[in-house]
Amino acid sequence: MRSSFLKVAKVQFRLLYYKFVFKLCKNFTIAQVAFKFSSARHFILHSILSPE
């Protein structure tokens, strides 16, 4: 009884963990793209405002 419960709990936990990691990776990719975009925009604005 107890061992089967633990097995189920382990599987559930693993599923949750993978779901969490997947969501994290997706969010990280979105964040990375957003960061690249914002830094590029910042760079462009900076070069426009203060031409060397």
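The values are calculated or read from the model by the stated rules, or taken from the named source; none is laboratory data. Since this is a predicted model, take the numbers as computed values, not measurements. When we count neighbours, we look across all protein chains shown, and the Cβ atoms used for this are built from the backbone with ideal geometry, even at glycine.
Couple of notes before you dig in:
- Selection count, region 1-27, where residues are loosely packed, with under 10 Cβ neighbours inside 10 Å and either touching a Gly at 6+ places or on another chain (Cβ under 6 Å) or of a type in the set (Phe, Trp, Tyr) (or both): 1
- The residues of region 1-17 that are modelled with pLDDT under 90, assigned to a helix (DSSP H, G or I) and either under 23 Å from the mean Cα position of the chain (by Cα) or of a type outside the set (D, E, K, R) (or both) amount to a single one, Ser3.
- Identity of the residue in region 18-32, at pLDDT 90 or above and among the aliphatic types (A, V, I, L, M), that ends up nearest to the chain's Cα centre (by Cα): Leu24
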